[in-house]
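Student: Next up is a structure, given as structure tokens.
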Amino acid sequence: MTRGGAIPLWLKVAYSGWFALWVPVYAATVGPVNFLWLCDVGNFVILFALWAESRVLFSTAAVGVVLIQLFWIVDVAGRLALGFHPIGGTEYMFDPAEPIVVRALSLFHLWVPILLLWAVRRLGFDRRAWKVQSLITAMVLPLSFLADPQLNLNWLWRPFGVEQTLMPPAAFLMASIVLYPLVVFIPSQLVIGAWARRRRATTPAGGSPP
């Protein structure tokens, strides 16, 4: 938690309005299981973070999804500029069979990283973030594993679009629970945490980041 009023009311209302549209549309078109994607889980965390003005929740969402969403942006940009997906995972954005409203709402991947970095800069960064995100992921991944393998939720079956054949699926699940923190969350914490500290260090005494 932090001081009240650090997050503008209009931003809370705007995000809540978008969220109120996003949830039922996604549930009706792609199914509730889609919310198990870590980026989608992050949207729920952000909703609570906004209204609670919670430093730890914003930090948790930042280490959990900013890097992943940057990969999403690179993949979409690569498809637009080069005609192929350099990373994979955004093919649905160019699939005419995918409902246009789903693709439009999925553009949250473009602005959520900006929102999270702004919030972390404004409220500060909480060092517990990677631990909280790792706990969330340890709960979400087993549920993702139980879903239809064709959905490839959180890349438990086809990381980077390539069929996983190195180990049994259950072993890969356990490995993923360890690898996500090591490969995504901890590096993100080191970079975002250092960036947030530098930004706040340049804020005039007694002031707050703009």
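The values are calculated or read from the model by the stated rules, or taken from the named source; none is laboratory data. For clarity, every value in this text was computed on a predicted model and none was experimentally measured. So basically every Cβ, Gly included, is an ideal-geometry build from the backbone, and we count neighbours across all protein chains shown.
Student: I'd like the full set of residues that are more than 15 Å from the chain's Cα centre (by Cα) and free of Cβ contacts under 8 Å to residues at least 60 places away in the same chain, limited to region 22-49.
Tutor: V23, P24, A27, A28, G31, P32
Student: Which one of A20, A6, A49, A27 is within 19 Å of L115 (Cβ to Cβ), modelled with pLDDT of 95 or more and surrounded by 12 or more Cβ atoms within 10 Å (Cβ to Cβ)?
Tutor: A49
Student: Being surrounded by fewer than 20 Cβ atoms within 10 Å (Cβ to Cβ), over 21 Å from L21 (Cβ atoms) and in contact (Cβ under 8 Å) with a residue 12 or more places away in the chain narrows it down to one residue among F125, F84, F71; which is it? Don't jump to the end; show me each part of the working.
Tutor: Numbers: F125 fails: surrounded by fewer than 20 Cβ atoms within 10 Å (Cβ to Cβ); F84 fails: in contact (Cβ under 8 Å) with a residue 12 or more places away in the chain.
Matching residue, one of F125, F84, F71: F71.
Student: Could you grab the pairs with beta carbons closer than 8 Å, sequence gap of 6+ or different chains, first residue in region 185-197 and over 15 Å from T60 (Cβ atoms) and at pLDDT below 95, second one aromatic (F, W, Y) and not in a helix (DSSP H, G or I)?
Tutor: R197/F125
Student: Related question: Return the residues of region 144-165 that are under 21 Å from F71 (Cβ atoms), loosely packed, with under 14 Cβ neighbours inside 10 Å and more than 21 Å from the chain's Cα centre (by Cα); say none if nothing qualifies.
Tutor: Correct list: V162, E163.
Student: So which of V33, V65, V102, V41 ends up being in contact with a helix residue (DSSP H, G or I) (Cβ under 8 Å, 6 or more places away or on another chain), within 19 Å of V191 (Cβ to Cβ), in a helix (DSSP H, G or I) and aliphatic (A, V, I, L, M)?
Tutor: One residue alone meets the criteria, V65.
Student: Going by the conditions given, is F84 at pLDDT below 95 and either aromatic (F, W, Y) or in contact with a strand residue (DSSP E or B) (Cβ under 8 Å, 6 or more places away or on another chain) (or both)?
Tutor: Yes; evaluated as a whole, the condition is true for this residue.
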